[in-house]
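Structure, as structure tokens:
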Amino acid sequence: MTAVGVDWARPWLAHCRALGAAAEHHARHDTDTVAAALQAATLSPPVCFVPQDALPGDSAYEAHIYRTGEVPTRDNLHDFFNGLAWLHFPQAKRRLNELQAAEIDRHGVGARRGPLRDALTLFDENGAVLDAPPVLWEALVARDWRRLFVVERARWAEARLLLFGHALLEKLTAPRKGLTAHVLFAPGTRQSIYPSDESIAETLSATHLASKPFVPLPVLGVPGWWPENEDPCFYDDPDVFRPPKPATPGTPP
């Protein structure tokens with residue numbers, strides 16, 4: 001695995017800190033591969049982590065996982081965080097895999113993935129869920145960053161943001177101001193999703209995901225997640241905290 005270490009004290013890693021730190025130690029000191037480290041991290045892993053070369057050359061990655069229960073894993077941080085997602089969110093990851101495999105079976109791999117597979121990949125790689133008071137959701141959907149992070153800052157004490165996407169967690173090993181999560185909102189009038197494996201899995205329907213039910217959230221703007229955002233001027237950067245785009249079909253109301 002890459003020599004870049006993981007700072008497990010970061011607030012966005014709280015949900016996977018215990019297993020993650022143990023698995024990282026195994027990967028660096030006790031095993032030859034990330035797959036073996038993930039396999040050893042818990043007594044009953046929900047899938048079997050195997051080296052990348054176990055993936056047959058004629059098999060699609062998602063289809064192979066669905067068919068065999070094996071997750072081909074490279075020796076890098078990207079696949080390490082993907083493995084942690086499988087350990088912490090087996091129901092949600094299995095649901096994503098089921099939907100991906102069904103689309104591959106229906107349409108083949110192809111040069112273009114289509115709207116559903118695009119949405120599945122986006123959430124898997126870069127997604128997050130937020131359980132928060134309606135006032136924060138209203139500001140987030142409107143991209144009213146000053147209201148979200150400054151005026152209503154105290155309301156974040158009532159919120160729970162969970163980063164699901166493994167690519168996003170990999171990028172946050174070297175935090176940059178512009179790193180942005182795609183927050184999934186629930187169908188219906190209530191947009192919050194409780195940050196648990198079961199609740200996330202229940203929200204992952206093909207119809208809902210194909211509507212692109214995401215809103216962007218620059219994660220280092222979250223109160224308590226980055227020291228520099230204590231200064232309200234932190235949010236005055238238009239390259240990160242961008243104004244809303246004109247409404248288009250498929251965007252949140």
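All of the numbers you see were taken from the coordinates with simple rules; none came from a lab. What you are looking at is a predicted structure, and each value in this text was computed from that prediction instead of being measured. Every residue, glycine among them, receives a Cβ derived from its backbone with ideal geometry; neighbour counts consider all protein chains shown.
Using Cβ point charges alone (K and R +1, D and E -1), the dipole size of the chain about the Cα centre works out to roughly 620 debye. Centre-to-centre separation between the Cα atoms of segment 203-223 and those of segment 67-144: 11 Å.
Looking at the chain alone, DSSP beta bridges between its own residues are antiparallel in about 55 percent of cases.
Counting only trypsin sites (Lys or Arg not before Pro) that sit in a DSSP loop (anything but H, G, I, E, B) with at most 14 other Cβ atoms within 10 Å, what is the longest stretch of the chain containing none of them? Display every interim value, and only then the final one.
On the way: sites that count: 112, 176, 190.
Result for the longest clean stretch: 1-111.
The C-alpha atoms of the chain define a longest principal axis, and helix 77-88 lies at about 90 degrees to it. Place +1 on the Cβ of every Lys and Arg and -1 on the Cβ of every Asp and Glu in the chain, take the dipole about the Cα centre, and give the residue among 13, 173, 185 whose Cα lies farthest towards its positive end. So the residue furthest toward the plus end is 185. Computed over the chain, the percent of Cα pairs more than 28 Å apart is 35.
Helix 90-107 sits at what angle to the longest principal axis of the chain, using alpha carbons and giving 0 to 90 degrees rounded to 10? With rounding to tens, the tilt is 80 degrees.
Over the Cα atoms of segment 1-116, Rg to Rh with Kirkwood Rh, two decimal places?
On the way: Rg = 14.9 Å, Rh = 15.0 Å.
For segment 1-116, the value is 0.99.
For the chain, the relative contact order comes to 18 percent (Cα pairs under 8 Å, sequence separation of at least 6).
Would you please give the FRET efficiency between residue 202 and residue 245, computed as 1/(1 + (r/R0)^6) with r the Cβ-Cβ distance and R0 = 30 Å, to the nearest 0.05? Intermediate values should be presented prior to the final figure.
Numbers: r = 29 Å, r/R0 = 0.98.
Approximately 0.55, to the nearest 0.05.
The angle between the Cα long axis of helix 114-126 and the main principal axis of the chain comes to about 90°, on a 0 to 90 degree scale.
Length, then width, then depth: along the principal axes, the Cα atoms of segment 50-175 run 54, 30, 24 Å.
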